[in-house]
Amino acid sequence: MRGVEKLGELLERAGLDVVGEHAGNPVLPPETAWRIAHGAAAPAGAALPAQGLPPWPEVVKESGLIDEAGEFLVAVKGYRIGGNDALWTRVRTAGRPGLTGDPAFVALSTDGEVLLGVTPAPDGIRLTLLDRLTERLDAAARTAGTETAEERAAAWATLSREPAWPGELTEGLGFNRAAPDDVLVRLLDVFDGFLFRDVSPAVREAVVSHPDPSVRRRIVETRNARRLTAAQWAGLVLNEPSGPRRPLLAERAVSYGVDLPDEVYDVLVAAPFRADVAGMAGLPARHRIALAGDPDPQVRAGACEAWPHLPEEVRKRLLADNDAAVRAAALLAHHEQHPMPRPVFEGLPSAEPALRRCRFEPGLEAELVRSGDLATRLALAGNPRLGPEGVATLAEDGEEQIRSLIALHPDLTEERRDAVRWSYDRDRLSHALPWVTALHGDPAAMRRLAASSHPLIRRSVARARSLPADVVQRLARDEDRVVRLFLAESCDDAPADMLLDVWRWWDGSFSHPDRPRGHPNFPRVGLLCHLDDPAPRMRRLALDDPASTPEHVARLARDPAAEVRRRAAEDPRLSPADAVRLLDDPAGAVRHAALLNPRLPARVLVQLLEYRETAAVAVRNPSLPVPVMHRLLDAITERDSL
C-alpha cells in the first residue's frame with residue numbers, strides 16, 4: 001500500500017470529491033470487481049481493446065456509471081481509505097475526471113449495475129466495461145454451472161504447469177481436506193504450516209522422522225502433539241539438536257500424560273541441562289535420587305520439586321544441604337506437608353513463596369492472616385493449604401478482593417461460602433478451578449459443588465466430560481448462561497434442548513469451534529421448522545435436517561442474511577451455478593465459503609487458482625484432483641531447486 005500519497009489527494013487531482021466510505025451493500029464487492037477487471041472468471045465480453053476507444057472520461061460519461069447526483073464508487077489499487085483497496089469509496093464528479101489507469105482502479109455505479117475497470121495488461125492496459133451487471137453475472141453463473149465431465153477434465157488440463165503464485169498455493173494446499181497423505185508428506189519439504197490442522201498417523205510419523213528439526217518442532221506447537229505416541233515423543237526428544245530444547249520437549253510430553261521410555265531420561269539426566277529435568281513428574285525414581293545428590297546445587301534444588309516421591313533419607317539430606325538455595329527449596333517442599341514454625345519462616349530468603357504454598361503453625365498463621373500488609377494476605381488467600389482458622393479469618397477481611405479470593409478456597413463448605421461477602425465479574429474470561437477439576441470423577445463432590453452459590457465453581461463442574469444425570473439437569477437450567485455454555489462445550493451428557501437453546505446465542509469458540517452444533521446430542525431431526533425463523537442463526541440450522549433438500553439449499557443461498565448464505569455456500573448440495581454466483585456475494589465470508597464448495601465448476605476454479613488474490617483459498621477446494629495437486633507440487637519443488 002502506498003503511504004506517501006493519500007487516496008483523497010489522488011482523487012481530488014482527478015477531479016473527484018470524496019463523499020465518504022461506502023456504507024451500503026452494492027451487488028458487487030470490490031474483491032470481485034478486481035477479479036473481473038483482471039480477467040479471472042469474468043463474464044464474456046468484459047475486456048475491451050484499449051486502442052481506438054475515446055478517452056476513458058468520455059467512456060464513463062456514456063456508460064451510465066455516474067448517477068443523477070454525479071456519484072459513483074471507486075477503489076484504487078494500492079491506496080487506502082477506511083482500510084484497504086477492497087473497500088469502495090463514494091465519489092462525486094467535480095469537473096472532468098482525470099484517472100488514467102496508473103494506478104489501476106475499478107469503479108461501480110451506485111446501483112451496482114455498471115462496472116468499469118482499468119488495470120495493467122501485458123500489452124499496456126486492460127479496459128473492462130460492463131452494464132447490466134447483475135444480469136450478466138447470473139447468466140455467466142448459469143453457463144458455468146452446466147459443465148460436463150469432459151469439460152471439467154479439459155479445464156484441469158489447461159491449468160498452468162508453472163504457477164505464478166507458488167507461495168499462495170503451497171500455503172493453501174496443506175489445508176485442503178481432500179489432500180491425501182502422500183501430498184501432505186511431500187508438502188512438508190516446502191510448507192509445514194498446515195500441521196495446525198488435524199493430520200493422520202502417517203503424516204505425524206513423517207513429521208517426527210523428518211530430517212529438518214524445524215519441521216519436527218512445528219508439530220509440538222499444534223494440537224497434533226496430543227496424538228503422538230510415546231515412541232514418537234522419544235524420537236523428538238532424542239533427535240533434537242538443541243540441548244536446552246530437549247527438557248522442554250520432554251516436559252511437554254509428560255504434561256500430555258505420555259510415559260516416556262527410560263532411555264529418554266537416561267540421556268536427559270546426563271546432559272548439562274539436567275537441572276531442568278530434576279523436578280519432572282515422570283522421572284524414574286533412580287534418577288530422582290541421583291539428581292538429589294548431584295554436585296550442582298541448582299540440580300539439587302530442582303530435585304526438590306519431586307519431594308513427595310523422594311525417600312525420607314534423601315529429604316533429610318536436602319534439608320541439611322550446605323547450599324542455602326537448596327535448603328530453601330527443600331524447606332518449602334517439606335512445609336507443604338508439615339506446618340512451618342516461626343524461626344524457619346523468618347529465616348527464609350523470601351516470604352512470598354511460602355505464603356502461597358506452605359502450611360504454618362497455628363500461632364504464626366493467626367498472625368499472618370491479620371497482617372496489615374495487603375500483599376501478605378492476598379498471597380495467603382490463594383494458598384490451598386491455609387488452615388481452617390486462617391480461611392475463616394480472611395473470609396471476614398475488610399478487603400473485598402481478599403474475601404472474593406478466599407470464597408474459592410477448596411476447604412470451605414458451601415454453607416460457609418454463602419456467608420462470605422464476595423464479588424465476581426461474570427463477564428470476565430474464566431477457567432476451571434484446578435481443585436474442582438481434580439474432583440470431576442467424584443459424583444458426590446459434583447452434586448455438592450453443582451449447588452454452589454459461586455458461578456465459577458459451577459462453571460468448573462460443567463467442564464467435566466461426564467456427570468451424573470441429576471447434575472446435568474441442574475446445570476442445564478443454571479441461571480448463569482456460561483455454566484450452560486461450558487456444559488455444552490465439555491460434557492458428553494449435555495441435553496439436546498439445552499444445546500439448541502445455547503445455539504441461539506453462541507456458535508462456537510476458538511477452543512471448541514464445533515460446539516454446541518457439533519455435539520453428538522445436538523438435535524438434527526425436525527430442524528426444517530426453522531426455515532422461516534426470524535433469527536438468521538436458527539434458519540442456518542434448517543439445512544442440518546436430514547429431510548432438507550437441494551431446493552432448500554438454493555432458497556437459503558438467496559437469504560437476506562449473510563450468515564445464512566454462508567451456510568448454504570458450505571453445503572455440498574449447492575448447485576454449481578449458485579456456487580459461482582456466491583463468489584460475487586457482498587459478504588467476504590460467503591465468498592470464502594463458495595470458493596471452497598466442491599460444486600464449483602472446474603473452469604472457474606482454474607481461473608481462481610491463477611489469480612493471486614484467490615489462489616490460496618481456491619487450492620483448498622476439495623474438488624481439486626489429486627494428480628493436479630502433485631503437478632502443482634512438482635512445479636513448486638522444481639522452481640525452488642533452481
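From the list Arg537, Arg639, the lone residue that is open to solvent by 10 Å² or more (accessible area, probe 1.4 Å), of a type outside the set (Gly, Ala, Ser), part of a helix (DSSP H, G or I) and free of Cβ contacts under 8 Å to residues at least 60 places away in the same chain is Arg537. When Gly293 is tested against (1) open to solvent by less than 60 Å² (accessible area, probe 1.4 Å); (2) under 40 Å from the mean Cα position of the chain (by Cα), exactly one condition is not met: (2).
Here is the figure for the range 610-636: residues that are out of contact with any Lys or Arg (no Cβ under 9 Å at 6 or more places or on another chain), open to solvent by 20 Å² or more (accessible area, probe 1.4 Å) and among the small types (Gly, Ala, Ser) total 1. Evaluate the following for Phe175: is it touching a residue at least 40 places away in the same chain (Cβ under 8 Å) and either within 30 Å of Gly257 (Cα to Cα) or open to solvent by less than 70 Å² (accessible area, probe 1.4 Å) (or both)? In short, yes. The residue pairs whose first member lies in the range 510-532 and is on the phi > 0 side of the Ramachandran plot, whose second member is among the acidic types (Asp, Glu) and in a loop (DSSP other than H, G, I, E, B), and whose beta carbons are closer than 9 Å, counting only pairs six or more residues apart or on different chains, are Gly526/Asp545. Looking at Arg421, is it basic (Lys, Arg) and either open to solvent by less than 60 Å² (accessible area, probe 1.4 Å) or farther than 23 Å from Pro520 by Cα (or both)? Judged against the criteria, Arg421 is a match.
Of all residues in the range 558-585, those being farther than 26 Å from Leu499 by Cβ, open to solvent by less than 30 Å² (accessible area, probe 1.4 Å), of a type in the set (Gly, Ala, Ser) and not in a helix (DSSP H, G or I) number 0.
Taking the range 267-288 as the range and being more than 18 Å from His309 (Cβ to Cβ) and either under 33 Å from the mean Cα position of the chain (by Cα) or surrounded by 13 or more Cβ atoms within 10 Å (Cβ to Cβ) (or both) as the test, the residues that pass are Val267, Ala271, Phe273. So is Arg458 part of a helix (DSSP H, G or I) and closer than 22 Å to Ser511 by Cβ or not? So Arg458 fits the description; yes. Test Ala616 against the stated conditions and say whether it is at pLDDT 95 or above and assigned to a helix (DSSP H, G or I). Considered against the rule, which asks whether it is at pLDDT 95 or above and assigned to a helix (DSSP H, G or I), Ala616 comes out as no. For the residues Ala445, Ala438, Ala464, the requirement of being free of Cβ contacts under 8 Å to residues at least 12 places away in the same chain and open to solvent by less than 10 Å² (accessible area, probe 1.4 Å) singles out Ala445.
Of all residues in the range 412-420, at least one satisfies being closer than 26 Å to Pro353 by Cβ and out of contact with any Ser or Thr (no Cβ under 9 Å at 6 or more places or on another chain). Does the range 288-299 contain at least one residue that is part of a loop (DSSP other than H, G, I, E, B), among the small types (Gly, Ala, Ser), touching a Lys or Arg at 6+ places or on another chain (Cβ under 8 Å) and closer than 22 Å to Ala329 by Cα? Checked against the condition, which is being part of a loop (DSSP other than H, G, I, E, B), among the small types (Gly, Ala, Ser), touching a Lys or Arg at 6+ places or on another chain (Cβ under 8 Å) and closer than 22 Å to Ala329 by Cα, the range 288-299 yields at least one hit.
The values are calculated or read from the model by the stated rules, or taken from the named source; none is laboratory data. Just so it is clear, the model here is predicted, and its values are computed rather than measured. Please note: Cβ atoms are built from the backbone with ideal geometry, for glycine as well, and neighbour counts cover all protein chains shown. SASA here: full protein model, heavy atoms, side chains in, ligands and nucleic acids out. Shrake-Rupley method; radii C 1.70, N 1.55, O 1.52, S 1.80 Å.
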